[in-house]
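J.: What follows is a structure written as structure tokens; I'll ask about it next.
Taken together, the values in this text are just the output of simple stated rules run on the coordinates, not laboratory data. Worth saying up front: this structure is predicted, and the values here are computed from it rather than measured. Cβ sites come from the backbone with ideal geometry, for glycine too, and all protein chains shown count toward neighbours.
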């Protein structure tokens, strides 16, 4: 029986990424209606709630002295603002970049809570985001430059003989952005969380052994804590990398190289 | 109208961000299409976890 219990505890490290239905409604009305609240939906709502409450809590513009929360939020805003200004030269797209940064950051950070679900480990969320950005950037470029937008695929000073080859290469590299942006975020989060799960399973096994082994396990446990710190850093870095690349894609669409 | 009583900022949102809104709509349809294809695919059409399994089975009878 004990072995059976252990078997129940040690699951596949990839099981945490599974989207499951928590609450479902199936009804044969309106064709066939299926509304279900999945863990992905629940955590998306949680992320929205946390972002809104964070901004509500940090909002104390009626007071002369800002709270710690508003100082923190204002410095995050200032860094994103300066990044957008550096890349694009104007603040026109700041609301989008700011929202994107907070969405990915809070989604990544809530995922670091043990037993929780990380919405950015869903390929639909991360690839969906990068697809949206690529399509939007293409629409933006076409609406600004009209047909001249396609000169983006021909770098200036290209010999005529090389144009067909270069257009192909540029087109592939342009379309690859739709995947590379999302897969970067997705792969980093999945790899980190899988590693944490595997290490935590090992540590659990070692801690539940004899007393000496449990005491000795404190050494790898400190390493594990360091890896958790690294994972927190990755949450920030990935959110930052995602928005900085989004900025540079928007810049490419506006300025065409 | 201000949001939750927060201060209003005169920031244009809909006008500069219309390509992103349009792209979001396109992605929404693409994801819906992908989901539909996945739900009806050979591998998952008869899966017990598929909430549309009963409907697909019914439709294939016709």
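J.: Starting at 0 and stepping by 10 Å, how many percent of the alpha carbon pairs of region A:30-130 end up in each bin?
T.: Pairs per bin, as whole percents: 13, 35, 33, 15, 4, 1.
J.: Next question, about the same structure. If I model a spin label at residue A:169 and residue A:198 as a point 7 Å from the Cα along the Cα→Cβ vector, what separation in nanometres do I get?
T.: Placing both labels 7 Å along Cα→Cβ, they lie 3.6 nm apart.
J.: While we're looking at this one, here's another question. Considering only C-alpha atoms, what is the centroid distance from region A:41-115 to chain B, in Å?
T.: Between the Cα centres of region A:41-115 and chain B lies a distance of 25 Å.
J.: Work out the FRET efficiency for residue A:143 and residue A:49 from their Cβ-Cβ distance, taking R0 = 35 Å, and round it to the nearest 0.05.
T.: Efficiency computed from Cβ-Cβ geometry: 0.50.
J.: Fewest to most neighbouring Cβ within 10 Å: what's the order for A:177, B:7?
T.: Least to most surrounded, the residues fall as B:7, A:177.
J.: Which value in deg cm²/dmol, rounded to the nearest 500, describes the helix-derived mean residue ellipticity at 222 nm for chain A, given -39,500 (n - 2.57) per DSSP H run of n ≥ 4 and division by the residue count?
T.: Result for chain A, helices only: -24000 deg cm²/dmol.
J.: Roughly what would the spin-label model give for residue B:28 and residue A:216, points 7 Å off Cα along C-beta, in nm?
T.: Between residue B:28 and residue A:216, the label points sit 5.9 nm apart.
J.: If you consider only alpha-carbon coordinates, what radius of gyration and Dmax does region A:20-82 have, in Å?
T.: Using the Cα atoms of region A:20-82, the pair Rg, Dmax is 19.4, 58 Å.
J.: How big is D for chain A, in µm² s⁻¹ as a whole number, if Stokes-Einstein is applied with the Kirkwood radius of its Cα pairs at 10 °C and 1.306 mPa s?
T.: 73
J.: Next question, about the same structure. Would you mind checking the tilt of helix A:123-145 against the longest principal axis of the Cα atoms of chain A, expressed as 0 to 90 degrees and rounded to 10?
T.: 10
J.: In whole Å, what three semi-axes, largest first, describe the equivalent ellipsoid of region B:20-60 built from its Cα gyration tensor (square root of 5 times each eigenvalue)?
T.: 27, 9, 8
J.: For region A:128-257, count all C-alpha to C-alpha pairs, find those more than 26 Å apart, and express that count as a whole percent of the total.
T.: 47
J.: Please give, to one decimal in nm, the separation of the simple spin-label points placed at residue A:18 and residue B:47, each 7 Å out from Cα toward the Cβ.
T.: With each label point 7 Å from Cα toward Cβ, the separation is 1.0 nm.
J.: Arrange the following residues from fewest to most other Cβ atoms within 10 Å of their Cβ: A:207, A:103.
T.: A:207, A:103
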